[in-house]
Amino acid sequence: MGAPLTLYVDSLFLSPYAMSAYVALTEKQLPFEVRPIDLEAGEQRMQPYQSRALTSRVPALTHADFCLTESSAITEYLEDVFPAPAHAALYPRDARQRARARQLQAWLRSDLAPLRQERPTETVFYGAAGLPLSDAAHAASAKLIHVASHLLGANQASLFDGWCIADTDLALMLRRLFQDDLPDALRAYAEAQWQRPSVQKWLEHNAAARA
Ligand SMILES: N[C@@H](CCC(=O)N[C@@H](CS)C(=O)NCC(=O)O)C(=O)O
């Protein structure tokens with residue numbers, strides 16, 4: 001076995017970024033330790049986490065003496081260091097599909113802010129009810145539906161030939177709209193993605209943290 005891997009996540013298991021890194025490690029079938037960081041208590045700004053994780057955010061991955069934050073940097077690092085076929089692939093092999101997957105990851109992390117604010121991950125993981133969407137969130141939701149519908153044909157179970165980590169990220173964003181208007185095909189896609197064992201493992205952590 002190689003150097004030990006540790007994933008630092010928020011202690012409530014609500015971070016979509018921590019979930020993405022967790023799913024990536026689980027899909028790769030790598031043994032790793034999960035360490036919760038109490039964001040409400042500001043633990044991310046305290047020692048030893050602050051010195052360990054350069055940007056004081058979760059998730060952070062440590063691999064022996066190397067520590068990395070930013071979830072998509074983490075998933076790309078895992079793909080580089082634990083490549084297919086020895087480990088499950090997180091990204092498509094084809095260069096354009098791979099670029100598209102990275103494009104989607106970057107976009108989901110940088111756009112749609114009103115939707116993320118008005119449908120936080122409590123609505124995804126706890127089913128918490130939200131207020132009606134504002135005009136700005138409606139616009140973000142229309143943009144998300146446009147992009148997802150463009151990339152996913154009818155009855156398409158994944159973005160590309162097989163699963164990739166961008167599927168998990170996209171499904172989470174779509175699930176923010178589960179109490180709103182979401183086309184049936186996108187709802188079915190997001191639901192199917194949620195059934196992946198790696199996602200279900202994260203949901204078990206989420207439920208245990210809430211209990
Ligand atoms: N772009 C980052 C976002 C990470 C992020 O926003 N993490 C939040 C939790 S969801 C956090 O650490 N918040 C605490 C803080 O910034 O002090 C990624 O993909 O990892």
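The values are calculated or read from the model by the stated rules, or taken from the named source; none is laboratory data. Small disclaimer: the values here were computed from a predicted structure and weren't measured. Using ideal geometry, Cβ is built from the backbone for each residue, glycine included, and neighbour counts are taken over all protein chains shown.
Taking region 170-190 as the range and being within 17 Å of E122 (Cα to Cα) and not basic (K, R) as the test, the residues that pass are L170, A171, L172, M173, L174, L177, F178, Q179, D180, A190. Of the candidates L108, L104, L90, L78, the single residue that is hydrophobic (A, V, I, L, M, F, W, C) and touching a strand residue (DSSP E or B) at 6+ places or on another chain (Cβ under 9 Å) is L78.
Do you know which of the residues in region 43-64 that are under 19 Å from Y77 (Cα atoms) and of a type in the set (D, E, K, R) is surrounded by the fewest Cβ atoms within 10 Å (Cβ to Cβ)? Within region 43-64, the match that is surrounded by the fewest Cβ atoms within 10 Å (Cβ to Cβ) is R52. Filtered by the rule that a residue be small (G, A, S) and either within 18 Å of the chain's Cα centre (by Cα) or within 22 Å of S158 (Cα to Cα) (or both), region 87-131 gives A88, A89, A95, A99, A101, A106, S110, A113, G127. Tallying residues that are surrounded by fewer than 18 Cβ atoms within 10 Å (Cβ to Cβ), assigned to a loop (DSSP other than H, G, I, E, B) and not aromatic (F, W, Y) within region 90-129 yields 7. The set of residues in region 66-89 being among the aromatic types (F, W, Y) and assigned to a strand (DSSP E or B) consists of F66 alone. How many of the residues making up region 43-84 are of a type in the set (S, T, N, Q) and more than 16 Å from the ligand (Cβ to nearest atom)? Residues in region 43-84 being of a type in the set (S, T, N, Q) and more than 16 Å from the ligand (Cβ to nearest atom): 0 in total. In region 13-42, the residue that is farthest from H205 (Cα to Cα) out of those that are within 10 Å of the ligand (Cβ to nearest atom) and surrounded by fewer than 19 Cβ atoms within 10 Å (Cβ to Cβ) is G42. Of the helices (runs of 4 or more DSSP H) contained entirely in region 137-211, those carrying at least 3 residues that are out of contact with any strand residue (DSSP E or B) (no Cβ under 7 Å at 6 or more places or on another chain) and surrounded by fewer than 18 Cβ atoms within 10 Å (Cβ to Cβ) fall at 184-194, 197-210. Flag set for A113, criterion: out of contact with any Leu (no Cβ under 9 Å at 6 or more places or on another chain), under 27 Å from Q179 (Cα atoms) and not assigned by the TED database to the domain that holds Y49.
Here's the yes/no breakdown for (1) touching a Pro at 6+ places or on another chain (Cβ under 6 Å); (2) within 23 Å of L14 (Cα to Cα); (3) touching a residue at least 60 places away in the same chain (Cβ under 8 Å):
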position: T121; (1), (2), (3): yes, yes, yes
position: A139; (1), (2), (3): no, no, no
position: H146; (1), (2), (3): no, no, no
position: L152; (1), (2), (3): no, no, no
position: L172; (1), (2), (3): yes, yes, yes
position: F178; (1), (2), (3): no, yes, no
position: A188; (1), (2), (3): no, yes, no
position: Q195; (1), (2), (3): no, yes, no
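Select from region 154-198 the residues that are of a type in the set (A, V, I, L, M) and under 19 Å from R116 (Cβ atoms) and list them in ascending order. Once the filter is applied, which keeps residues that are of a type in the set (A, V, I, L, M) and under 19 Å from R116 (Cβ atoms), region 154-198 yields I165, A166, L170, A171, L172, M173, L174, L177, L182, L186, A190.
Does R57 count as out of contact with any Leu (no Cβ under 8 Å at 6 or more places or on another chain) and either among the hydroxyl-bearing types (S, T, Y) or in contact (Cβ under 8 Å) with a residue 12 or more places away in the chain (or both)? In short, yes.
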